[in-house]
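S.K.: The structure that follows is given in the form of structure tokens.
The values are calculated or read from the model by the stated rules, or taken from the named source; none is laboratory data. Nothing here was measured: the structure is a model prediction, and the numbers come from that model. Cβ placement follows ideal geometry from the backbone for every residue including glycine, while neighbour counts extend to all protein chains displayed.
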Amino acid sequence: MKEVLPVFNSAVSIDCVLFGFDNGELKILLIERNEEPFKDWWALPGNLVGEDESVEQSASRILHELTGLSDIYMEQYYTFGEVNRHPQGRVITVAYYAMLRLGGDKVLKPLTTYAKKAQWINVKELPKLGFDHQHIFDKGLEKIKRRIKHLPIAFELLPEKFTLT
């Protein structure tokens with residue numbers, strides 16, 4: 001007879017790793033948290049998956065609520081499931097990434113009090129991040145480096161008119 005495992009509480013969350021390219025600089029989109037844990041810390045835009053949402057729907061909703069951005073194509077790239085990765089209990093995170101050309105109409109304005117503000121920050125000036133978001137960021141950076149080597153996604157980051165020298 002098969003052993004039945006005991007039920008335990010867990011949650012699934014989404015973290016969005018958005019890279020932006022602006023004037024030759026690679027930037028990452030971060031939020032300044034307005035809630036514990038890690039209140040006043042910088043973090044990746046993220047939150048729990050909604051009860052009646054797919055993970056894709058949750059990723060779009062979370063990004064929109066925390067940054068004001070919408071209609072951003074994101075790809076799932078990794079699942080983070082270390083047992084003690086979250087201070088509030090067992091949380092498994094599905095990470096999504098996107099690469100954007102910055103400038104123009106991409107105004108950042110959180111639509112919830114969960115985030116004080118959202119801001120593009122140069123990856124070379126990354127502040128200390130809450131939770132395990134440094135690890136999530138590092139994995140995302142590895143992913144885009146591999147993608148750029150093998151796929152022409154770098155063209156998505158270039159201005160419409162550019163010269164090759």
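S.K.: Look through the range 97-134, keep the residues that are among the basic types (Lys, Arg) and under 17 Å from residue 25 (Cβ atoms), and return whichever of them is surrounded by the fewest Cβ atoms within 10 Å (Cβ to Cβ).
M.R.: Quick first cut of the range 97-134, residues among the basic types (Lys, Arg) only: 101, 106, 109, 116-117, 124, 128.
This time we only want the ones that are under 17 Å from residue 25 (Cβ atoms), so: 101, 106, 124.
On the way: 101: 15, 106: 17, 124: 8.
The qualifying residue surrounded by the fewest Cβ atoms within 10 Å (Cβ to Cβ) is 124.
S.K.: Turning to a different aspect of this structure: Identify, from the list 21, 38, 8, the residue that is of a type in the set (A, V, I, L, M, F, W, C), more than 25 Å from residue 77 (Cα to Cα) and either in contact (Cβ under 8 Å) with a residue 40 or more places away in the chain or surrounded by 20 or more Cβ atoms within 10 Å (Cβ to Cβ) (or both).
M.R.: On the way: 21 fails: more than 25 Å from residue 77 (Cα to Cα); 38 fails: more than 25 Å from residue 77 (Cα to Cα).
Of 21, 38, 8, the one residue that is of a type in the set (A, V, I, L, M, F, W, C), more than 25 Å from residue 77 (Cα to Cα) and either in contact (Cβ under 8 Å) with a residue 40 or more places away in the chain or surrounded by 20 or more Cβ atoms within 10 Å (Cβ to Cβ) (or both) is 8.
S.K.: Can you confirm whether residue 85 is more than 28 Å from residue 103 (Cβ to Cβ), surrounded by 12 or more Cβ atoms within 10 Å (Cβ to Cβ) and not aromatic (Phe, Trp, Tyr)? Working first, answer last.
M.R.: Values: more than 28 Å from residue 103 (Cβ to Cβ): yes; surrounded by 12 or more Cβ atoms within 10 Å (Cβ to Cβ): yes; not aromatic (Phe, Trp, Tyr): yes.
Judged against the criteria, residue 85 is a match.
S.K.: So, in the range 58-82, of the ones that are of a type in the set (Gly, Ala, Ser) and buried (at least 17 other Cβ atoms within 10 Å of the Cβ), which residue ends up farthest from residue 141 (Cα to Cα)?
M.R.: Just the residues of the range 58-82 that are of a type in the set (Gly, Ala, Ser), to begin with: 58-60, 68, 70, 81.
Next, only the ones that are buried (at least 17 other Cβ atoms within 10 Å of the Cβ) stay: 58-60.
On the way: 58: 22, 59: 19, 60: 20 Å.
Of everything passing the filter in the range 58-82, 58 is farthest from residue 141 (Cα to Cα).
S.K.: Taking into account only those residues within the range 59-89 that are among the polar types (S, T, N, Q) and assigned to a loop (DSSP other than H, G, I, E, B), which is modelled with the highest pLDDT? Outline the logic, then answer.
M.R.: Taking the range 59-89 first, the residues among the polar types (S, T, N, Q) are 60, 67, 70, 76, 79, 84, 88.
Right, trim to assigned to a loop (DSSP other than H, G, I, E, B) and you get 70, 84, 88.
Details: 70: 93, 84: 90, 88: 86.
By that ranking, first place goes to 70.
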